[in-house]
1. What residue, of Arg199, Arg170, Arg136, Arg149, is open to solvent by 70 Å² or more (accessible area, probe 1.4 Å), outside any helix (DSSP H, G or I) and either in contact with a helix residue (DSSP H, G or I) (Cβ under 8 Å, 6 or more places away or on another chain) or modelled with pLDDT under 95 (or both)?
2. Answer with yes or no whether Ala66 is more than 18 Å from the chain's Cα centre (by Cα) and open to solvent by 30 Å² or more (accessible area, probe 1.4 Å).
3. For residues in region 1-34 being hydrophobic (A, V, I, L, M, F, W, C) and in a loop (DSSP other than H, G, I, E, B), which is modelled with the lowest pLDDT?
4. Go through (1) within 17 Å of the chain's Cα centre (by Cα); (2) modelled with pLDDT of 90 or more one by one and return the number of the condition Val178 breaks.
5. Residues of region 159-192 being hydroxyl-bearing (Ser, Thr, Tyr) and more than 16 Å from Tyr95 (Cα to Cα), which ones?
6. Do we find a residue being open to solvent by 20 Å² or more (accessible area, probe 1.4 Å), part of a helix (DSSP H, G or I), more than 18 Å from Ser26 (Cα to Cα) and not hydrophobic (A, V, I, L, M, F, W, C) anywhere in region 101-124?
7. Do we find that Glu85 is in contact with a strand residue (DSSP E or B) (Cβ under 9 Å, 6 or more places away or on another chain), of a type in the set (Asp, Glu) and modelled with pLDDT of 85 or more in this structure?
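The values are calculated or read from the model by the stated rules, or taken from the named source; none is laboratory data. All of these numbers come straight from a predicted model, not from anything done at the bench. Virtual Cβ from ideal backbone geometry, glycine too; neighbours counted across all protein chains shown. Note: accessible area is taken over every heavy atom of the protein model, side chains too, but ligands, DNA and RNA are not part of it. Shrake-Rupley method; radii C 1.70, N 1.55, O 1.52, S 1.80 Å.
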Amino acid sequence: MQSNSPSPAGRHAPVVTVSVQFPDLSVREFEEVRERLTAGRPGRAVVPHEAHRWYAASSDPETVRALVAGLQAAVAGRRLSFDDEEALDDLSQEYADWLEESAEADDADPGPVVSFSVHLPALTHEEFAELLSTFRAVHSRRIVLGEQRGDSHHELSTRQQIESRLPGIRAALAGEPVGTVDALPLLALLNDYASWLSRFDDAGPTPG
């Protein structure tokens, strides 16, 4: 589930993942970014996540809370509340839309980059701010998100992972019991969301 605002600019933590959407980065744009970020830093890793190979999403804490509640109800076989249904229906639709779009591309081909990670070292706040300005100079309404102190949950999943989650989500939305096989991928996703949310709550507000 996508968040429509970038991380607060006043936070100066290193940025390890950058998501770019509407539009995604073209192959040429990404190569220019990688060349720029690795200039003078031969050991730095800048790894692309192509839009047709990876489902990438950024969710704020309240969205994650709603998904945790919905997934807990689904795997426990409880009746979904209205909020549970809304959260899981939105997630199911996003998954289905991405699968349909990604199926049109050949995995072997290079494609648009929906996000990229930067390590050894991560991006400084100043580097991220420069990238933000560069990306929006071309597309002023482009969404650019930087993962810093875990202010939002960033998901990066393969097509196989997405496909494995849909049967269980759809069964829960239909009011049907979720079988053991279909529940396992949902449990893995639930644990990922819940562990991130626990760390976020333990850390408390990030100072501006």
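1. Working: Arg199 fails: outside any helix (DSSP H, G or I); Arg170 fails: outside any helix (DSSP H, G or I); Arg136 fails: outside any helix (DSSP H, G or I).
Every option except Arg149 fails the conditions.
2. Details: more than 18 Å from the chain's Cα centre (by Cα): no; open to solvent by 30 Å² or more (accessible area, probe 1.4 Å): yes.
The answer is no for Ala66.
3. If we filter region 1-34 for residues that are hydrophobic (A, V, I, L, M, F, W, C), which is where we start, we get 1, 9, 13, 15-16, 18, 20, 22, 25, 27, 30, 33.
Narrowing further to those that are in a loop (DSSP other than H, G, I, E, B): 1, 9, 13, 16, 22.
Details: Met1: 46, Ala9: 39, Ala13: 68, Val16: 83, Phe22: 87.
In this case the residue turns out to be Ala9.
4. So Val178 meets the others, but not (1).
5. Keep residues of region 159-192 that are hydroxyl-bearing (Ser, Thr, Tyr), which gives 164, 180.
Result: Thr180, single match.
6. Looking for residues that are open to solvent by 20 Å² or more (accessible area, probe 1.4 Å), part of a helix (DSSP H, G or I), more than 18 Å from Ser26 (Cα to Cα) and not hydrophobic (A, V, I, L, M, F, W, C), one finds none in region 101-124, hence no.
7. Details: in contact with a strand residue (DSSP E or B) (Cβ under 9 Å, 6 or more places away or on another chain): no; of a type in the set (Asp, Glu): yes; modelled with pLDDT of 85 or more: yes.
Answer is no for this residue.
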